[in-house]
């Protein structure tokens, strides 16, 4: 588990773009910190959004809840596909008149090209009396997708209701990353409340919801950074079993909030924030739809599904299940 967990994050530690720069370090003026945070937000937002998408997937592989006492234990990998539009950001929109570039109109996000972007910090929005300072906007990790592994256990309760738990204690992934996950979900059969219609429909239909929290502490070139992501999803799920195969589909929405914080003197390629940096990335409530197939033989289940959303996600899973 440790070997694969947050391979993406581990790669951040080696980003050349966050290495020490030959340019002199310049402290951002207090009047410019707000614009500096907007620049940071443009750079890190795709990571926050992909965390939310990954955490909101892998909750189900059937619409039928366990019977009382039934249980499952499942390992899934949610592969979040990074849209090409999220690999760059517009420098003018993010930097305003404070952070500019004379050579490029776009810069890499955390998922974009590994090439850094030469930029200029125009102190206090370009006050000639204060001058300018050159710096290098960091490049990205240059990745097409982000895998997010997950272990989940579910148990059946009364009234065709099942509870799912995701939990992982704080783990050290290498020397520079600590991460833990906790999530809780619920799935409830809705056809039981409409007996005549429910008995006539040859399928299962449930309402499912889940909430997951991801806490990450990492060091980037010796700089301490914390990321806290809270993701929520609500879905209407349908499934139909035929022999050893279960086809399932869901429609619903995702929402997520990621809080980014760093210690004072966070260095962004040559300009640094004197005060502690705290930002909140709040995603829109994105509609999602997915379709998948589960194969089970005796107690073993294998699942695969694909989710259509702003950040598409392909999920693979392996588990054991006892009704």
Whichever residue in segment 199-247 is in a loop (DSSP other than H, G, I, E, B) and in contact with a strand residue (DSSP E or B) (Cβ under 8 Å, 6 or more places away or on another chain) and, among such residues, is surrounded by the fewest Cβ atoms within 10 Å (Cβ to Cβ):
202
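Within segment 272-308, can you find the residues that are part of a loop (DSSP other than H, G, I, E, B) and surrounded by 18 or more Cβ atoms within 10 Å (Cβ to Cβ)?
We begin by selecting, within segment 272-308, every residue part of a loop (DSSP other than H, G, I, E, B); these are 274-276, 283-285, 298-299.
Result: 283, single match.
Of the residues 9, 5, 73, which is part of a loop (DSSP other than H, G, I, E, B) and either modelled with pLDDT of 95 or more or under 24 Å from residue 111 (Cβ atoms) (or both)? Spell out the reasoning first.
Working: 9 fails: part of a loop (DSSP other than H, G, I, E, B); 73 fails: part of a loop (DSSP other than H, G, I, E, B).
Only one candidate passes the filter, namely 5.
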Of the conditions (1) within 29 Å of residue 27 (Cβ to Cβ); (2) in a strand (DSSP E or B), residue 264 clears all except one; give me its number.
(2)
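In the set 250, 317, 269, which member is in a loop (DSSP other than H, G, I, E, B) and buried (at least 20 other Cβ atoms within 10 Å of the Cβ)? Reasoning before the result, please.
Details: 250 fails: in a loop (DSSP other than H, G, I, E, B); 317 fails: in a loop (DSSP other than H, G, I, E, B).
Just a single option satisfies the conditions, and that option is 269.
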Is it true that some residue in segment 254-265 is within 22 Å of residue 163 (Cβ to Cβ), surrounded by fewer than 18 Cβ atoms within 10 Å (Cβ to Cβ), in contact with a strand residue (DSSP E or B) (Cβ under 6 Å, 6 or more places away or on another chain) and modelled with pLDDT of 85 or more?
yes
For segment 158-172, what are the residues that are touching a strand residue (DSSP E or B) at 6+ places or on another chain (Cβ under 7 Å), exposed (fewer than 14 other Cβ atoms within 10 Å of the Cβ) and modelled with pLDDT of 85 or more?
165, 167
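Which of the residues that make up segment 65-76 are within 14 Å of residue 166 (Cα to Cα) and surrounded by 17 or more Cβ atoms within 10 Å (Cβ to Cβ)?
First, the residues of segment 65-76 that are within 14 Å of residue 166 (Cα to Cα): 71-76.
Across segment 65-76, the qualifying residues are 72, 74, 76.
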Please go through segment 130-157 and give me each residue that is in contact with a helix residue (DSSP H, G or I) (Cβ under 7 Å, 6 or more places away or on another chain), surrounded by fewer than 18 Cβ atoms within 10 Å (Cβ to Cβ), at pLDDT 85 or above and farther than 27 Å from residue 303 by Cα, ordered by number.
132
Output the residue which, of all residues in segment 269-323 that are out of contact with any strand residue (DSSP E or B) (no Cβ under 7 Å at 6 or more places or on another chain) and in contact (Cβ under 8 Å) with a residue 60 or more places away in the chain, is farthest from residue 83 (Cα to Cα).
323
Residue under question is residue 133, and the condition is that it be over 26 Å from residue 59 (Cβ atoms) and not in a strand (DSSP E or B); does it hold?
no
Going through 94, 107 one at a time, which residue ends up being at pLDDT 90 or above and either surrounded by fewer than 21 Cβ atoms within 10 Å (Cβ to Cβ) or not in a strand (DSSP E or B) (or both)?
94
Condition met for residue 48 (touching a strand residue (DSSP E or B) at 6+ places or on another chain (Cβ under 9 Å) and at pLDDT 95 or above)
no
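Quick check on residue 243: is it more than 14 Å from residue 61 (Cα to Cα) and touching a helix residue (DSSP H, G or I) at 6+ places or on another chain (Cβ under 8 Å)?
Values: more than 14 Å from residue 61 (Cα to Cα): yes; touching a helix residue (DSSP H, G or I) at 6+ places or on another chain (Cβ under 8 Å): no.
No, not satisfied.
The values are calculated or read from the model by the stated rules, or taken from the named source; none is laboratory data. These figures come from a predicted structure and were not determined experimentally. Glycine also receives a Cβ, built like all others from the backbone with ideal geometry; neighbour counts cover every protein chain displayed.
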